[in-house]
1. Lys and Arg at +1, Asp and Glu at -1: add these up for the other residues within a Cβ distance under 15 Å of Leu69 and post the number.
2. With each pseudo-label sitting 7 Å past Cα toward Cβ, what's the Glu157-Phe21 distance in nm, one decimal?
3. Between beta-carbons, use under 14 Å as the cut-off and find the net charge around Tyr101, counting Lys and Arg +1, Asp and Glu -1.
4. Going by C-beta contacts inside 10 Å, put Leu153, Leu92, Leu7 in order with the fewest on the left.
5. In what order do Glu86, Glu157 fall by count of nearby beta-carbon atoms within 10 Å, going from fewest to most?
6. Could you go through the stretch 124-133 in sequence order and give the Karplus-derived ³J(HN,Hα) for each residue, using 6.51 cos²θ - 1.76 cosθ + 1.60 with θ = phi - 60°, rounded to whole Hz, and x for Gly and Pro?
7. Using modelled amide H (1.01 Å from N, peptide plane; none on Pro or chain starts), what sits under 5 Å from the amide H of Val66, excluding residues fewer than 5 places away?
8. Could you grab the relative contact order for the stretch 44-167? Cα pairs under 8 Å, six or more apart, rounded to a whole percent.
Amino acid sequence: MIPRRLLTATLSAAVGAMIAFGLSGCDFFVPQTTETTVETSDGVSGTIGQVHVGNAVLISGDGGQVSNLVVTFSNLDFVDHDVMIESTGAPLPVTVPAGGYVQVGTPGNRTILFVTTDSPPGSLHPIAFSVAGETLHLEVPVLDTSLPLYKHLGPPEGIGVADLENMK
């Protein structure tokens, strides 16, 4: 006959093992949501090599003719990278420091304007981002300043298509 203490200890260990397996078993069958990137923004994102293009969106002004590019570049590399941004016209460079980030289009940061006469608010506008010979093509959403969140992100007052054409 098995001593009562041994039986109790064995039964306790077996129940404990079943509880531990039961509580951790879902890790084996259910994919972890922390491994999935979910875009919870109005913009679009992508990666070129070691540079991440985050939440790119164009904010148009009152007439919808000119739009301000709002985007954040993150450099995951140990060296600086130049990101070339192109829609129509000459590419515009933005240097992203090693291990750092650069915001474009927000107050206090560099402003990059595009002519978006063919892409009214609510549509998508093609923009190419290039780093070291690799290119990422994104269809960037065009929004306007009617939304309170974007009120302060439109192009500067008084800038029109002719002004941008003269800057080239």
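Laboratory data are not the source of any read-out in this text; all were calculated from the coordinates shown. All figures in this text were calculated on a predicted structure; none of them were measured in a lab. Note: ideal-geometry Cβ built from the backbone for every residue, glycine included; neighbour counts use all protein chains shown.
1. -3
2. 7.2 nm
3. Local charge sum for Tyr101: -1.
4. Fewest to most other Cβ atoms nearby, the residues stand as Leu7, Leu92, Leu153.
5. Starting with the residue having the fewest Cβ neighbours, the order is Glu157, Glu86.
6. 10, 10, x, 9, 9, 10, 10, 9, 6, x
7. Excluding prolines and chain starts, which carry no amide H, the hits are Gly61, Thr116.
8. So the answer I get is 30 percent.
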